[in-house]
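Engineer: Take this structure, written in structure tokens, and hold onto it; I'll ask about it next.
The values are calculated or read from the model by the stated rules, or taken from the named source; none is laboratory data. A quick note: this is a predicted structure, and the numbers were derived from the prediction, not measured. All Cβ positions, even for glycine, are placed from backbone atoms using ideal geometry, and neighbour counts span all protein chains on display.
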């Protein structure tokens, strides 16, 4: 592994960074989630997860539950389920109702085969050892239970990657700057089945392609700024690059009427 790759992975998985700066509250996570308000088609992700859990009864544990978006829907639609939210960051759990606890996916405070289903939604790329995290999730799920994971494709939001490199290049005076950090790259939609298949015999992928169309720079700027916790990993002045990206977006929207971002996320439903 190259030094830059090792530094990237260390930053994405650093427990102190995750539990404080990255997820001390839901501000940055909510900014990333809110960009999808401008996506076509619109996907009801909590609804899709709830649908996959229709045949599940008993305990469902949401590992890396964040701001409780998925727990909230399950609490509303499935009063019969025993729900537990776990997250490494105590700050982000402060506003999540119901039973929650601070815990790390690498050491879940649950007995073996004690959960009828586990959720690991956009979080496994934060595990230091993804294979071990999947093994731990498999340990706590009953033999006839399921794991629902989610992540993004390696091709997701490539326009934002190009925008960042152009803005960073302008700030540095190099024409094209360094790439921005990729959270999901370690456990992308392309890589995920390989990790999950080690512990689950059946892995069904549900692709969720779409196009985000914005007519103001603000949602994109908020999304980019939400990576502030990893600003030291970008090898470019972070705030200056954000402002340069705003200017580029403003000029593009003035000329074309909108800025389009092509996204590809997915949900993976895993059974033994």
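Engineer: Could you list all residues from the stretch 233-244 that are modelled with pLDDT of 95 or more and surrounded by fewer than 16 Cβ atoms within 10 Å (Cβ to Cβ)?
Structural biologist: Correct list: 237, 239, 240, 243.
Engineer: Ok, one more. Here are the criteria: (1) over 30 Å from residue 222 (Cα atoms); (2) touching a residue at least 40 places away in the same chain (Cβ under 8 Å); (3) not in a loop (DSSP other than H, G, I, E, B). Tell me which single one residue 125 does not satisfy.
Structural biologist: (1)
Engineer: If you don't mind, another one. Filter the stretch 126-153 down to residues that are under 18 Å from residue 269 (Cβ atoms) and within 14 Å of the chain's Cα centre (by Cα) and give me whichever is surrounded by the most Cβ atoms within 10 Å (Cβ to Cβ).
Structural biologist: So the residue we want is 149.
Engineer: Which condition does residue 111 not pass, out of (1) in a loop (DSSP other than H, G, I, E, B); (2) free of Cβ contacts under 8 Å to residues at least 40 places away in the same chain; (3) in contact with a helix residue (DSSP H, G or I) (Cβ under 6 Å, 6 or more places away or on another chain), if it passes all the others?
Structural biologist: Result: residue 111 fails condition (3) only.
Engineer: Checking residue 180 against (1) surrounded by 19 or more Cβ atoms within 10 Å (Cβ to Cβ); (2) closer than 29 Å to residue 60 by Cα, which test does it fail?
Structural biologist: Residue 180 satisfies every listed condition except (2).
Engineer: Restrict the check to the stretch 72-93 and report whether at least one residue is closer than 30 Å to residue 211 by Cβ and loosely packed, with under 14 Cβ neighbours inside 10 Å.
Structural biologist: The initial filter retains those residues of the stretch 72-93 that are closer than 30 Å to residue 211 by Cβ, namely 72-74, 76-77, 92.
In the following step, the residues that additionally are loosely packed, with under 14 Cβ neighbours inside 10 Å were identified as 76.
Checking the stretch 72-93: at least one residue is closer than 30 Å to residue 211 by Cβ and loosely packed, with under 14 Cβ neighbours inside 10 Å.
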